[in-house]
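The values are calculated or read from the model by the stated rules, or taken from the named source; none is laboratory data. These figures come from a predicted structure and were not determined experimentally. Note: ideal-geometry Cβ built from the backbone for every residue, glycine included; neighbour counts use all protein chains shown. The accessibility values were calculated without ligands, DNA or RNA, using every heavy atom of the protein model including side chains. Shrake-Rupley method; radii C 1.70, N 1.55, O 1.52, S 1.80 Å.
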Amino acid sequence: DAGVTQSPTHLIKTRGQQVTLRCSPKSGHDTVSWYQQALGQGPQFIFQYYEEEERQRGNFPDRFSGHQFPNYSSELNVNALLLGDSALYLCASSLSGSNQPQHFGDGTRLSIL
Amino acid sequence: AQKVTQAQTEISVVEKEDVTLDCVYETRDTTYYLFWYKQPPSGELVFLIRRNSFDEQNEISGRYSWNFQKSTSSFNFTITASQVVDSAVYFCALKKGSNYKLTFGKGTLLTVNP
(Lines give C-alpha, C1' and ligand atoms only; values in the text may rest on other atoms or scores of the structure.)
Protein backbone atom coordinates (compact mmCIF):
# COMPACT_ATOMS: atom_id res chain seq x y z
CA ASP A 1 0.00 0.00 0.00
CA ALA A 2 1.83 3.09 -1.25
CA GLY A 3 1.92 6.05 1.05
CA VAL A 4 2.03 9.69 0.05
CA THR A 5 4.60 10.26 -2.66
CA GLN A 6 6.12 13.60 -3.61
CA SER A 7 8.35 14.71 -6.46
CA PRO A 8 10.94 15.91 -6.91
CA THR A 9 12.93 15.19 -3.76
CA HIS A 10 15.15 18.21 -4.12
CA LEU A 11 14.97 21.31 -6.28
CA ILE A 12 17.20 24.34 -6.73
CA LYS A 13 15.80 27.53 -8.26
CA THR A 14 16.79 31.17 -8.47
CA ARG A 15 14.85 34.20 -7.35
CA GLY A 16 11.99 35.18 -9.63
CA GLN A 17 11.54 31.73 -11.10
CA GLN A 18 8.47 29.56 -10.84
CA VAL A 19 8.25 26.03 -9.45
CA THR A 20 5.77 23.15 -9.50
CA LEU A 21 5.77 20.42 -6.87
CA ARG A 22 3.76 17.24 -7.18
CA CYS A 23 1.99 14.91 -4.78
CA SER A 24 0.18 11.59 -5.06
CA PRO A 25 -2.02 10.80 -2.07
CA LYS A 26 -2.15 7.58 -0.16
CA SER A 27 -4.43 5.00 -1.75
CA GLY A 28 -8.05 5.65 -0.76
CA HIS A 29 -7.49 9.25 0.29
CA ASP A 30 -9.33 12.06 -1.50
CA THR A 31 -8.01 15.16 0.26
CA VAL A 32 -4.59 16.78 -0.11
CA SER A 33 -3.02 19.46 2.06
CA TRP A 34 0.25 21.34 1.57
CA TYR A 35 2.56 22.62 4.28
CA GLN A 36 5.75 24.68 4.30
CA GLN A 37 8.38 23.80 6.88
CA ALA A 38 11.24 26.23 7.38
CA LEU A 39 14.41 24.95 9.01
CA GLY A 40 13.93 24.39 12.74
CA GLN A 41 10.22 25.20 12.62
CA GLY A 42 6.96 23.31 12.60
CA PRO A 43 5.05 22.93 9.33
CA GLN A 44 2.83 25.86 8.32
CA PHE A 45 -0.46 25.17 6.51
CA ILE A 46 -0.63 26.51 2.96
CA PHE A 47 -3.94 25.12 1.71
CA GLN A 48 -6.10 22.03 1.32
CA TYR A 49 -7.77 20.62 -1.78
CA TYR A 50 -10.87 18.49 -1.91
CA GLU A 51 -13.02 17.64 -4.93
CA GLU A 52 -10.58 19.60 -7.10
CA GLU A 53 -11.19 22.84 -5.24
CA GLU A 54 -9.29 24.78 -2.62
CA ARG A 55 -11.24 24.14 0.57
CA GLN A 56 -9.18 26.13 3.06
CA ARG A 57 -6.17 28.41 2.85
CA GLY A 58 -3.55 29.50 5.34
CA ASN A 59 -1.72 32.84 5.51
CA PHE A 60 0.23 32.56 2.29
CA PRO A 61 0.29 35.07 -0.60
CA ASP A 62 -1.35 34.47 -3.94
CA ARG A 63 2.04 33.49 -5.36
CA PHE A 64 1.21 30.11 -3.87
CA SER A 65 -1.43 28.27 -5.86
CA GLY A 66 -2.46 24.71 -6.34
CA HIS A 67 -4.49 22.24 -8.23
CA GLN A 68 -6.08 18.88 -7.62
CA PHE A 69 -6.72 16.43 -10.41
CA PRO A 70 -9.59 13.94 -10.82
CA ASN A 71 -7.30 11.14 -9.58
CA TYR A 72 -6.81 13.17 -6.34
CA SER A 73 -3.16 13.96 -7.03
CA SER A 74 -2.14 17.55 -6.52
CA GLU A 75 0.34 20.22 -7.54
CA LEU A 76 1.70 23.18 -5.64
CA ASN A 77 2.85 26.13 -7.74
CA VAL A 78 4.93 28.99 -6.45
CA ASN A 79 5.56 32.03 -8.66
CA ALA A 80 8.14 34.81 -8.37
CA LEU A 81 10.28 32.83 -5.95
CA LEU A 82 11.88 34.64 -3.04
CA LEU A 83 14.84 33.58 -0.93
CA GLY A 84 12.41 33.11 1.96
CA ASP A 85 10.58 30.41 0.04
CA SER A 86 13.47 28.04 0.71
CA ALA A 87 11.95 25.27 2.82
CA LEU A 88 10.75 21.70 2.96
CA TYR A 89 7.35 21.43 1.30
CA LEU A 90 5.21 18.66 2.70
CA CYS A 91 2.14 17.12 1.16
CA ALA A 92 -0.40 15.34 3.36
CA SER A 93 -3.38 13.26 2.35
CA SER A 94 -6.42 12.17 4.28
CA LEU A 95 -10.03 11.15 4.01
CA SER A 96 -12.38 14.10 3.67
CA GLY A 97 -13.70 14.41 7.23
CA SER A 98 -12.28 17.17 9.41
CA ASN A 99 -11.35 14.71 12.15
CA GLN A 100 -9.27 12.47 9.90
CA PRO A 101 -5.53 12.26 10.54
CA GLN A 102 -3.30 13.59 7.78
CA HIS A 103 -0.55 11.33 6.46
CA PHE A 104 2.56 13.02 5.15
CA GLY A 105 5.04 12.37 2.38
CA ASP A 106 8.81 12.78 2.59
CA GLY A 107 8.62 16.30 1.24
CA THR A 108 10.38 18.33 -1.44
CA ARG A 109 13.40 20.33 -0.34
CA LEU A 110 13.33 23.63 -2.26
CA SER A 111 16.40 25.85 -2.24
CA ILE A 112 16.33 29.36 -3.71
CA LEU A 113 19.63 30.91 -4.75
CA ALA B 1 -6.59 31.83 17.64
CA GLN B 2 -4.97 28.47 18.05
CA LYS B 3 -1.51 27.93 19.41
CA VAL B 4 0.67 24.95 20.33
CA THR B 5 3.68 25.35 22.58
CA GLN B 6 6.43 22.79 22.91
CA ALA B 7 8.71 24.41 25.44
CA GLN B 8 11.44 21.79 25.18
CA THR B 9 13.55 22.57 22.13
CA GLU B 10 15.97 19.69 22.60
CA ILE B 11 16.16 16.70 24.94
CA SER B 12 19.02 14.26 25.20
CA VAL B 13 18.74 10.97 27.10
CA VAL B 14 20.61 7.72 27.38
CA GLU B 15 19.07 4.57 26.00
CA LYS B 16 16.52 2.88 28.30
CA GLU B 17 15.67 6.11 30.09
CA ASP B 18 12.06 7.26 30.13
CA VAL B 19 11.39 10.65 28.57
CA THR B 20 8.35 12.94 28.48
CA LEU B 21 7.72 15.50 25.76
CA ASP B 22 5.49 18.37 26.79
CA CYS B 23 2.75 19.98 24.73
CA VAL B 24 0.51 22.86 25.79
CA TYR B 25 -2.24 24.12 23.52
CA GLU B 26 -4.56 27.10 23.30
CA THR B 27 -7.96 27.14 21.65
CA ARG B 28 -11.38 28.65 22.31
CA ASP B 29 -13.18 25.80 20.62
CA THR B 30 -14.92 23.06 22.55
CA THR B 31 -14.41 20.53 19.78
CA TYR B 32 -10.84 20.00 18.67
CA TYR B 33 -8.31 17.30 17.92
CA LEU B 34 -4.77 16.83 19.13
CA PHE B 35 -2.05 14.93 17.33
CA TRP B 36 1.53 13.82 17.74
CA TYR B 37 3.84 13.28 14.79
CA LYS B 38 7.41 11.99 14.58
CA GLN B 39 9.83 13.40 12.03
CA PRO B 40 13.00 11.36 11.50
CA PRO B 41 15.92 12.84 9.52
CA SER B 42 14.35 11.60 6.28
CA GLY B 43 11.74 14.34 6.63
CA GLU B 44 8.50 12.39 6.53
CA LEU B 45 6.08 13.20 9.33
CA VAL B 46 4.85 9.94 10.83
CA PHE B 47 1.41 10.03 12.47
CA LEU B 48 1.46 8.64 16.02
CA ILE B 49 -1.85 9.46 17.67
CA ARG B 50 -5.05 11.53 17.47
CA ARG B 51 -7.24 12.48 20.44
CA ASN B 52 -10.49 14.41 20.37
CA SER B 53 -11.40 16.97 23.00
CA PHE B 54 -14.15 14.82 24.48
CA ASP B 55 -11.94 11.87 25.23
CA GLU B 56 -9.50 12.46 28.08
CA GLN B 57 -8.69 8.83 28.54
CA ASN B 58 -4.96 8.24 28.50
CA GLU B 59 -3.61 5.92 25.86
CA ILE B 60 -0.77 3.45 25.77
CA SER B 61 0.73 1.89 22.67
CA GLY B 62 3.72 -0.29 23.40
CA ARG B 63 6.45 1.96 24.80
CA TYR B 64 4.47 5.09 23.97
CA SER B 65 1.86 6.70 26.21
CA TRP B 66 -0.07 9.94 26.07
CA ASN B 67 -1.55 12.00 28.91
CA PHE B 68 -4.33 14.41 27.91
CA GLN B 69 -5.48 16.89 30.56
CA LYS B 70 -8.02 19.54 29.55
CA SER B 71 -7.69 21.26 32.93
CA THR B 72 -4.12 22.24 32.08
CA SER B 73 -4.52 22.23 28.26
CA SER B 74 -1.75 19.71 27.96
CA PHE B 75 -1.19 16.64 25.84
CA ASN B 76 2.11 15.12 26.93
CA PHE B 77 3.90 12.20 25.32
CA THR B 78 6.03 9.69 27.22
CA ILE B 79 8.43 7.17 25.75
CA THR B 80 9.33 4.39 28.14
CA ALA B 81 12.69 2.64 27.89
CA SER B 82 13.84 4.86 25.04
CA GLN B 83 15.80 3.45 22.13
CA VAL B 84 18.22 4.98 19.65
CA VAL B 85 15.58 4.60 16.91
CA ASP B 86 13.36 7.00 18.85
CA SER B 87 15.74 9.84 17.95
CA ALA B 88 13.74 12.32 15.89
CA VAL B 89 11.88 15.61 16.05
CA TYR B 90 8.45 15.22 17.63
CA PHE B 91 5.62 17.61 16.84
CA CYS B 92 2.40 18.21 18.68
CA ALA B 93 -0.45 19.59 16.54
CA LEU B 94 -3.96 20.96 17.06
CA LYS B 95 -6.97 21.11 14.75
CA LYS B 96 -10.30 22.83 15.37
CA GLY B 97 -13.32 20.59 14.99
CA SER B 98 -14.72 22.22 11.87
CA ASN B 99 -11.38 23.13 10.42
CA TYR B 100 -8.97 21.29 8.16
CA LYS B 101 -5.75 23.06 9.10
CA LEU B 102 -3.22 21.51 11.47
CA THR B 103 -1.43 23.98 13.74
CA PHE B 104 1.94 22.62 14.78
CA GLY B 105 4.24 23.42 17.63
CA LYS B 106 7.91 24.11 16.90
CA GLY B 107 8.87 20.56 17.75
CA THR B 108 11.18 18.87 20.25
CA LEU B 109 14.40 17.27 19.04
CA LEU B 110 14.90 14.04 20.97
CA THR B 111 18.33 12.44 20.88
CA VAL B 112 18.70 9.00 22.43
CA ASN B 113 22.32 8.09 22.98
CA PRO B 114 23.51 4.48 23.20
Requested in this report: Express in whole angstrom the spacing between the alpha-carbon centres of the stretch A:78-113 and the stretch A:20-66.
Outcome: 6 Å
Query raised in the report: Pulled fully out, how much extra length does the chain show between B:Asp22 and B:Phe47, if you take 0.36 nm times their separation in residues and subtract their Cα-Cα distance?
Result: 7.3 nm
Report task. Could I have the simple spin-label model distance between A:Glu53 and B:Asn67, label points 7 Å from Cα toward Cβ, reported in nm to one decimal? Result -> 4.6 nm
Report summary line: Where a ≥ b ≥ c are root eigenvalues of the Cα gyration tensor, a/c under 1.5 meaning rounded, otherwise prolate if a/b exceeds b/c and oblate otherwise, chain A counts as prolate
**Report entry** Whether chain B is rounded, prolate or oblate, judged on the alpha carbon gyration tensor where a/c under 1.5 counts as rounded
**Finding:** prolate
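Just to be sure I follow: if Rg is taken over the C-alpha atoms of the protein assembly as shown and Rh is the Kirkwood radius over the same atoms, what is Rg/Rh?
0.97
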Report task. State the percentage of accessible surface on chain A attributable to carbon and sulfur atoms; use a 1.4 Å probe and exclude ligands, DNA and RNA. Result -> 47 percent
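Between B:Asn113 and B:Thr30, 0.36 nm times their residue separation minus their Cα-Cα distance comes to what?
Gain on extension, B:Asn113 to B:Thr30, equals 25.9 nm.
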Report task. Report, in debye and to the nearest 20, how large the dipole of the protein assembly as shown comes out about its Cα centre when Lys and Arg carry +1 and Asp and Glu carry -1 on their Cβ. Result -> 420 debye
Query raised in the report: What are the ³J(HN,Hα) values, in whole Hz, obtained from phi via the Karplus relation 6.51 cos²θ - 1.76 cosθ + 1.60 with θ = phi - 60°, for each residue of the stretch B:72-83 in sequence order, with x given for Gly and Pro?
Result: 10, 6, 10, 9, 8, 10, 10, 10, 9, 6, 4, 10
Query - A:Ala87 long-range amide H proximity, modeled H, under 5 Å - result: A:Leu110
Query raised in the report: Once amide H atoms are built 1.01 Å from N in the peptide plane, which residues 5 or more positions from B:Ile11, or in another chain, come under 5 Å H to H?
Result: B:Leu109, B:Leu110, B:Thr111
Report summary line: Per residue of B:90-102, other chain Cβ atoms within 10 Å number on average 5
Query raised in the report: Out of the DSSP beta bridges found with both residues in chain B, what percent are antiparallel (nearest 5)?
Result: 90 percent
Report summary line: In whole Hz, the Karplus estimates of ³J(HN,Hα) for the stretch B:50-58 (6.51, -1.76, 1.60; θ = phi - 60°; x where Gly or Pro) are 10, 10, 9, 5, 9, 10, 8, 5, 6
Requested in this report: Considering the options B:Cys23, A:Val4, A:Thr14, tell which one lies farthest towards the positive end of the dipole of the protein assembly as shown, charges being +1 on Lys and Arg and -1 on Asp and Glu at the Cβ, about the Cα centre.
Outcome: A:Thr14
**Report entry** For the stretch A:52-113, radius of gyration divided by Kirkwood radius, i.e. Rg to Rh on alpha-carbons
**Finding:** 0.97
Report task. Over chain B, calculate the relative contact order: mean separation of alpha carbon pairs under 8 Å at least 6 apart, over the residue count, as a percent. Result -> 38 percent
Report task. Using amide H atoms built 1.01 Å from N in the peptide plane, name the residues 5+ places from B:Lys106, or on other chains, whose amide H lies under 5 Å from its own. Result -> B:Gln6
Report summary line: Taking B:Lys3, A:Lys13, B:Lys16 and ranking on accessible area (1.4 Å, protein atoms only), highest first, one gets B:Lys16, B:Lys3, A:Lys13
Query raised in the report: What number, in percent, do you get for the relative contact order of the stretch A:53-113 if the mean sequence gap of Cα pairs under 8 Å and at least 6 apart is divided by its residue count?
Result: 26 percent
**Report entry** Mean separation of Cα contacts under 8 Å (6+ apart) over length of chain A, as relative contact order %
**Finding:** 37 percent
